[in-house]
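Below you'll find the structure, written out as structure tokens, and then a few comments.
The values are calculated or read from the model by the stated rules, or taken from the named source; none is laboratory data. As the structure is a prediction and not an experimental result, all values here were calculated from the model. FYI the Cβ positions are ideal-geometry reconstructions off the backbone, even for glycines, and counts take in every protein chain you see.
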């Protein structure tokens, strides 16, 4: 395997909340989930930014993550993602530095062009320019994070005049930065150009079929070489929906209705995305799991999927679970518990010494039993001799 010794596990929280449910309680559930993941030992939580369509209700991931930082101890907290064309780059840099300080170095900066056309239209943006604007903005942000000297820059959509961050990053030289990448090569090009990590979203399927992950990584490496950077596979995170239970049937039954509703109501009816409609809703989850777009089953199924991704990609550094409320809160939390208990240790080296110790003990268990019995017998005999004299 080409995986790192400690594969990172985390979540990618849009968040998705079905329209009609209480948004106040939805936000509280999101915070409680991150708190639960912190207790389970998950590495990262990435939280998104959206402003329309009714489902994804966090408008400022930085504000939300400050609240999460107060409830957690070790989990790293990332913007997943800030839509750069929506903001002045100086403001993005200032906000992530503040989160870096308030979380005592746990901040991660994830960036993207903006996923919802309805967001762009409200802001008067041209959706066809958002990827180039993301690239331009990230270049400015990286400069501001790296260099305290005043910096001037003129664009057709923002300006900087002798700008600098008067509060430098808590994490030195800066917090980790990652670029969202879906189907198009734009995310990989931007990541390579600026020496950033990658969040590969929708790793198994896209409009033109399965996403070619090795080819996308090659694009990033080529761009990095052109700009004097080197891509690191440990900074490559794959993002995919996952739900686990004690049996594959239980996991599928848990999510059958909720997953179909999520696919049809959000992606098709709300966003207008293309999706086959020539089969009933109760088969949606079967089709998506068979295609490898979702992982629904047991811990062994997730272990096999990670090993398969390792072979396909040539190695990556983290698996981020898309947070979806396909079933009850209790079953969702149980799924993360199964990941923490049975999957994470397999890819983080925490079982090796324990298994070796157990194997050595089992190999001499008969001798150990004989020695224990002899020790007990000696103790009995010593006691009897002392009380018979």
Checked against (1) surrounded by fewer than 19 Cβ atoms within 10 Å (Cβ to Cβ); (2) assigned to a loop (DSSP other than H, G, I, E, B), residue 312 satisfies every condition except (2)
Q. Residue 274: touching a strand residue (DSSP E or B) at 6+ places or on another chain (Cβ under 8 Å), touching a residue at least 60 places away in the same chain (Cβ under 8 Å) and either surrounded by fewer than 19 Cβ atoms within 10 Å (Cβ to Cβ) or outside any loop (DSSP other than H, G, I, E, B) (or both), yes or no?
A. no
_Going residue by residue through region 356-366, is there one that turns out to be touching a helix residue (DSSP H, G or I) at 6+ places or on another chain (Cβ under 6 Å) and part of a helix (DSSP H, G or I)?_
no
Going through region 241-266 in order, the residues found to be under 30 Å from residue 195 (Cα atoms) and in a helix (DSSP H, G or I) are none
Residue pairs within 7 Å by beta carbon, gap of at least six or interchain, first lying in region 365-388 and modelled with pLDDT of 90 or more, second in a helix (DSSP H, G or I) and surrounded by 10 or more Cβ atoms within 10 Å (Cβ to Cβ), listed first then second, are none
Selection from region 106-129 of residues in a loop (DSSP other than H, G, I, E, B) and under 13 Å from residue 184 (Cβ atoms) yields 113, 115
Checked against (1) surrounded by 21 or more Cβ atoms within 10 Å (Cβ to Cβ); (2) touching a strand residue (DSSP E or B) at 6+ places or on another chain (Cβ under 9 Å), residue 174 satisfies every condition except (1)
Out of (1) surrounded by fewer than 14 Cβ atoms within 10 Å (Cβ to Cβ); (2) touching a helix residue (DSSP H, G or I) at 6+ places or on another chain (Cβ under 7 Å), the one residue 179 does not meet is (1)
